[in-house]
Amino acid sequence: MKKVYTCFCTDIIHEGHLHIIEEAKKLGSVVVGILDDSQMIKYNRFPTKTTEERVKMVSEIQGIDEVIVQNEIMYDEVIKEIRPDYIVHGNNWTDPGMEVIRENIISNLKKYNGELVEIPYTHNEEIQKRDRQMIEKLSMPEFRRGRLKKVMGLLPIIKAIEVHSGLTGLIAEKTIVADQEKIDQFDAMWISSLCDSTEKGKPDIELVDMTSRFRTIDDVMEVTTKPIIFDGDTGGLTEHFVYTVRSLERMGVSAIIIEDKTGLKKNSLFGTEVQQTQESIENFCEKIAAGKRTQLSDDFMIIARIESLILEKGMEDALNRAFAYRDAGADGIMIHSRKKDPEEILQFCDKFRDVDSKTPIVVVPSSFNTITEEELAEHGVNICIYANQMLRAAFPAMENTAKSILTHHRAYEIDDELMSIKDIITLIDEI
Ligand code: SPV
Ligand code: MG
């Protein structure tokens, strides 16, 4: 009897999946792979069911001989292991990255004359609706909020990218890089105070009020499903901070990061070039504790950001504060530096990890940007935030365009550097 393999990356079983199984059964005995949680993430199909639940769901389908877990998104290992005569797959290779998977399957099967059988994807309204529901579910507050913690358990390090609008949210949501070995995408989004303010033409001094900041979150949430980490500046007065926590968790934001400064806050990357005052450990701990007391959900995170290295108060001060904030209830700590050399950040991480192996560490490598995510993960960092690159990319491109039009009194000269009109009018899908 011939062996047939098909892999499911789904939380729900609909007519389309059953059709694939029926077609597979005609070819031989059917083994179904369930793509592991950590790989589903890379595929922009964040699971709302666990791997075990998905195995159980598929095992209940009639006529399957075996259900296994596929641990890698690429097929090299699974094909080596079970050597199927046929791999059956729907012919819907349209999602970004899918073409690479298809090539990977074909090149592995070629080694022993195995065959890829592509089944026309079942298109009907009900299936389309259920596929859409599966994705849309992830944008609901309950699912989105808890997703950051879940992803943290699945990946060695989380990559978050700055977003400040619906459009940048879409870039964070949809950008995928794929080659023969891997598929990768961002895991979370960062709503930066610097970029949110700059986008509104305002300085980063807690001038843009919370209502306006929430509006940005809302714009991003409307068109994305990935978890959001919110830059909460100093958190403001403790009496106000508790309301911010409630609002954010209700909206489905996963985490707020607040920094231990008081008085007029300026951007950390100014360092000691401007007057900035660090909050006392006692007051900041009280703010963290008040936030944690107020929070209603289990999965919302309050992350305490330490400004000691920015303000040149030394490593010992940074570490003292980290442990105090953790003891006050912080769900994670962020350590910041504006040095080009990552040395002080790594030293901090190593010293903190000598004592505490669990509390999540967040870093923002804007200045120390030569370090890789892998190196950061080796030093115990859990979340790496690319905090301002989207806006810094956009501004020079827009300014250059404005200058060109002004210089030439027409738009012809800059046109080659712009997105085509066809692309811009078709960029946003209608529902
Ligand atoms: C932000 O993005 O607003 C931050 C990070 O707070 S930094 O600009 O480096 O202070
Ligand atoms: Mg900020």
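Could you go through region 298-312 and let me know if any residue there is in contact with a strand residue (DSSP E or B) (Cβ under 9 Å, 6 or more places away or on another chain), over 25 Å from residue 352 (Cα atoms) and not aromatic (Phe, Trp, Tyr).
No - not one qualifying residue is present in region 298-312.
Given the options 277, 272, name the one that is polar (S, T, N, Q), more than 15 Å from ligand 2 (Cβ to nearest atom) and in contact with a Ser or Thr (Cβ under 9 Å, 6 or more places away or on another chain).
Going through 277, 272 in turn, just one is polar (S, T, N, Q), more than 15 Å from ligand 2 (Cβ to nearest atom) and in contact with a Ser or Thr (Cβ under 9 Å, 6 or more places away or on another chain): 277.
Residue 183: away from ligand 1 (no atom under 14 Å from the Cβ) and within 20 Å of the chain's Cα centre (by Cα), yes or no?
The answer is yes for residue 183.
Here is a yes/no grid of residues against (1) outside the structural domain of residue 247 (by TED's automatic domain parsing); (2) more than 16 Å from ligand 1 (Cβ to nearest atom); (3) surrounded by 15 or more Cβ atoms within 10 Å (Cβ to Cβ):
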residue	(1), (2), (3)
305	no, no, yes
321	no, yes, yes
340	no, no, no
376	no, no, yes
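Please pick out the residue among 201, 236, 263 that is within 15 Å of ligand 2 (Cβ to nearest atom) and either small (Gly, Ala, Ser) or touching a His at 6+ places or on another chain (Cβ under 6 Å) (or both).
Matching residue, one of 201, 236, 263: 236.
Go through region 354-382 residue by residue and tally those that are part of a helix (DSSP H, G or I) and within 18 Å of residue 155 (Cα to Cα).
Within region 354-382, residues that are part of a helix (DSSP H, G or I) and within 18 Å of residue 155 (Cα to Cα) number 6.
Whether any residue in region 306-327 is within 16 Å of ligand 2 (Cβ to nearest atom) and in a strand (DSSP E or B) is what I want to check.
Looking for residues that are within 16 Å of ligand 2 (Cβ to nearest atom) and in a strand (DSSP E or B), one finds at least one in region 306-327, hence yes.
Are any residues in region 83-105 among the aliphatic types (A, V, I, L, M) and at pLDDT below 95, and if so, which ones?
98, 100, 101
Quick check on region 383-400: of everything there that is surrounded by 16 or more Cβ atoms within 10 Å (Cβ to Cβ) and either in contact with a helix residue (DSSP H, G or I) (Cβ under 6 Å, 6 or more places away or on another chain) or of a type in the set (Lys, Arg) (or both), which residue is nearest to residue 171 (Cα to Cα)?
Result: 390.
Residue 194 versus (1) within 14 Å of ligand 1 (Cβ to nearest atom); (2) outside any loop (DSSP other than H, G, I, E, B); (3) in contact with a helix residue (DSSP H, G or I) (Cβ under 7 Å, 6 or more places away or on another chain): which is the lone unmet condition?
(3)
Given the options 12, 73, 21, 64, name the one that is β-branched (Val, Ile, Thr), crowded, with 17+ Cβ neighbours inside 10 Å and under 24 Å from residue 185 (Cβ atoms).
Going through 12, 73, 21, 64 in turn, the sole match is 73.
Looking only at region 137-148, how many residues end up being surrounded by fewer than 18 Cβ atoms within 10 Å (Cβ to Cβ), over 16 Å from residue 40 (Cα atoms) and among the charged types (D, E, K, R)?
Counting residues in region 137-148 that are surrounded by fewer than 18 Cβ atoms within 10 Å (Cβ to Cβ), over 16 Å from residue 40 (Cα atoms) and among the charged types (D, E, K, R) gives 1.
With the condition kept exactly as written, say whether any residue in region 203-216 is outside any helix (DSSP H, G or I), within 14 Å of ligand 1 (Cβ to nearest atom) and buried (at least 23 other Cβ atoms within 10 Å of the Cβ).
No; the residues of region 203-216 include none that is outside any helix (DSSP H, G or I), within 14 Å of ligand 1 (Cβ to nearest atom) and buried (at least 23 other Cβ atoms within 10 Å of the Cβ).
Answer yes if at least one residue in region 66-81 is under 30 Å from residue 175 (Cα atoms), in contact (Cβ under 8 Å) with a residue 40 or more places away in the chain, of a type in the set (D, E, K, R) and assigned to a loop (DSSP other than H, G, I, E, B), and no otherwise.
no
Filter region 204-227 for residues that are out of contact with any helix residue (DSSP H, G or I) (no Cβ under 9 Å at 6 or more places or on another chain) and either within 11 Å of ligand 2 (Cβ to nearest atom) or of a type in the set (A, V, I, L, M) (or both) and give the result.
none
The values are calculated or read from the model by the stated rules, or taken from the named source; none is laboratory data. Please read these numbers as outputs of a predicted model, since none were measured by experiment. Cβ atoms come from the backbone with ideal geometry, glycine included; neighbour counts cover every protein chain shown.
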